[in-house]
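Reviewing the structure listed below.
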Amino acid sequence: MKVDGKPTRTIWVESDGRSVGIIDQTLLPHCYATVRLRTLEEAAQAIKSMQVRGAPLIGASAAYGVWLALLHDASDENLERAYTTLAATRPTAINLKWALDEMLAAVRNRPRAERADAALKRANDIAEEDVAINFAIGGHGLKLIEAIAATKKNGERVNVLTHCNAGWLATVDWGTATAPIYLAHDKGIPIHVFADETRPRNQGASLTAWELGHHGVPHTVIPDNTGGHLMQHGLVDLVIVGTDRTTAQGDVCNKIGTYLKALAARDNGVPFYVALPSPTIDFTVSDGVAEIPIEQRGPEEVATMTGKTKDGRVVSVQVVPDGSPVANYAFDVTPARLVTGLITERGVIAANRAALAKAFPERVNALKSAAKA
Ligand code: MRU
């Protein structure tokens with residue numbers, strides 16, 4: 001997508017051929033700054049501190065992190081260290097493990113002298129594949145939006161509600177939940193997005209609003225608790241959210257609060273779609289509520305809020321009483337029964353075991369072969 005007219009991705013190889021550039025997402029929306037990652041440790045820290053975040057971008061960042069590690073030392077020991085260091089950064093988005101496994105498979109059986117080049121090639125491919133997957137998701141999701149637009153009278157806008165940031169900032173480009181929105185907007189379909197602010201880190205208010213605004217997509221930031229009210233009053237045509245891990249039976253783990261939106265959508269007959277790139281499917285897990293590890297982050301994210309003062313300073317302030325304990329669960333699970341459909345790169349499918357296995361048979365077969373070996 002474009003930042004101030006310049007085509008921009010969220011991660012790239014710098015011109016020195018030895019480092020990786022990223023957008024520091026912790027500074028948005030008040031400051032747009034890029035950062036250069038030179039080592040495994042810097043890549044791991046960027047994921048942990050959420051300078052890069054969003055399941056697909058976490059995966060791509062980890063892939064480049066393995067490359068940076070191998071550039072300095074291509075030994076088996078360092079490859080293992082890279083894998084374990086990066087795997088420990090964030091527990092919920094399965095794209096991280098998927099990307100690390102892909103990197104391991106691409107370099108493990110090669111001579112040391114070839115490993116860094118092979119790692120760079122696979123990391124670049126992972127990034128390109130992400131862009132292609134998201135564009136395909138966009139095309140399939142666009143049809144859903146077009147169908148709703150066709151029912152509108154007098155050119156009324158299609159209202160989409162989204163949660164957190166499953167936009168281009170969460171991926172290498174296009175976003176997952178936002179890809180259909182950008183394509184619809186570019187096609188001239190009147191579309192408007194309600195962006196949940198998404199406490200505690202406010203990815204909706206800070207990131208989704210920023211990127212929609214830069215692309216010219218009409219949007220309104222709403223407090224997290226507003227969605228149900230809007231749905232009761234017929235102001236939301238469909239919900240599209242992202243996912244950090246989708247199970248074999250179609251349960252969807254996404255940013256905390258997604259489940260409540262799904263409940264409100266079901267109660268009000270609003271379609272609830274999940275944009276799902278296939279690396280986000282975890283066929284080893286069935287019951288998302290019982291089996292997916294939910295990241296718990298530091299209390300300061302709940303106890304404080306960061307924003308810009310009238311005189312332009314960015315400051316953090318405490319919003320809870322001194323000493324009040326807080327809880328910070330970063331994700332929740334929406335059971336498959338509440339999901340209207342999964343928008344994948346291979347089409348819109350039902351959120352159930354049979355549909356997922358039919359759409360991605362090679363993934364299921366690979367798992368069966370690995371179990372036999
Ligand atoms: O904690 P974050 O900001 O990494 O969480 C991001 C989300 O929950 C996104 O919705 C999800 O990763 C899907 S991104 C296409």
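Looking at Ala87, Ala119 in this structure, which one is over 16 Å from the mean Cα position of the chain (by Cα), within 16 Å of the ligand (Cβ to nearest atom) and either closer than 16 Å to Ser61 by Cα or in contact (Cβ under 8 Å) with a residue 12 or more places away in the chain (or both)? Let's see the steps before the verdict.
Details: Ala119 fails: within 16 Å of the ligand (Cβ to nearest atom).
One residue alone meets the criteria, Ala87.
Do we have Thr309 as assigned by TED's automatic domain parsing to the domain that holds Leu338, in contact (Cβ under 8 Å) with a residue 24 or more places away in the chain and away from the ligand (no atom under 16 Å from the Cβ) here? Judged against the criteria, Thr309 is not a match.
Restricting Leu235, Leu207, Leu230 to residues that are part of a helix (DSSP H, G or I), more than 10 Å from the ligand (Cβ to nearest atom) and not small (Gly, Ala, Ser) narrows the list to Leu230.
Looking at Ala265, is it part of a helix (DSSP H, G or I) and buried (at least 21 other Cβ atoms within 10 Å of the Cβ)?
On the way: part of a helix (DSSP H, G or I): yes; buried (at least 21 other Cβ atoms within 10 Å of the Cβ): yes.
When the stated conditions are applied, Ala265 passes them.
Residues of the stretch 120-162 that are more than 30 Å from Asp16 (Cα to Cα) and among the charged types (D, E, K, R): Lys143, Glu146, Lys152, Lys153, Glu156, Arg157. Pairs are defined by a Cβ separation below 9 Å, a sequence spacing of at least 6 or placement on different chains, a first member in the stretch 11-33 that is more than 20 Å from Asp173 (Cα to Cα), and a second member that is buried (at least 17 other Cβ atoms within 10 Å of the Cβ) and of a type outside the set (S, T, N, Q); the pairs so defined are Gly17/Leu120; Arg18/Leu68; Arg18/Leu71.
Give Ala248, Ala275 a once-over and let me know the one that is within 13 Å of the ligand (Cβ to nearest atom) and in contact (Cβ under 8 Å) with a residue 40 or more places away in the chain. Quick ask: steps written out before the conclusion?
Details: Ala248 fails: within 13 Å of the ligand (Cβ to nearest atom).
Going through Ala248, Ala275 in turn, just one is within 13 Å of the ligand (Cβ to nearest atom) and in contact (Cβ under 8 Å) with a residue 40 or more places away in the chain: Ala275.
Pull up the stretch 30-54, narrow it to residues that are farther than 20 Å from Leu120 by Cα and touching a strand residue (DSSP E or B) at 6+ places or on another chain (Cβ under 9 Å), then point me to the one that is nearest to the ligand (Cβ to nearest atom). First the steps, then the outcome.
The initial filter retains those residues of the stretch 30-54 that are farther than 20 Å from Leu120 by Cα, namely 30-34, 48-51, 53-54.
Cutting the leftovers down to touching a strand residue (DSSP E or B) at 6+ places or on another chain (Cβ under 9 Å) gives us 30-34, 51.
Working: His30: 17, Cys31: 18, Tyr32: 18, Ala33: 18, Thr34: 19, Gln51: 11 Å.
Among those residues, the one meeting the criterion is Gln51.
The single condition among (1) part of a loop (DSSP other than H, G, I, E, B); (2) within 14 Å of the ligand (Cβ to nearest atom) that Gly155 does not satisfy is (2).
The values are calculated or read from the model by the stated rules, or taken from the named source; none is laboratory data. Quick caveat: nothing in here was measured; it's all calculated off a predicted structure. Here the Cβ is made from the backbone with ideal geometry for all residues, glycine too, and neighbour counts use every protein chain on show.
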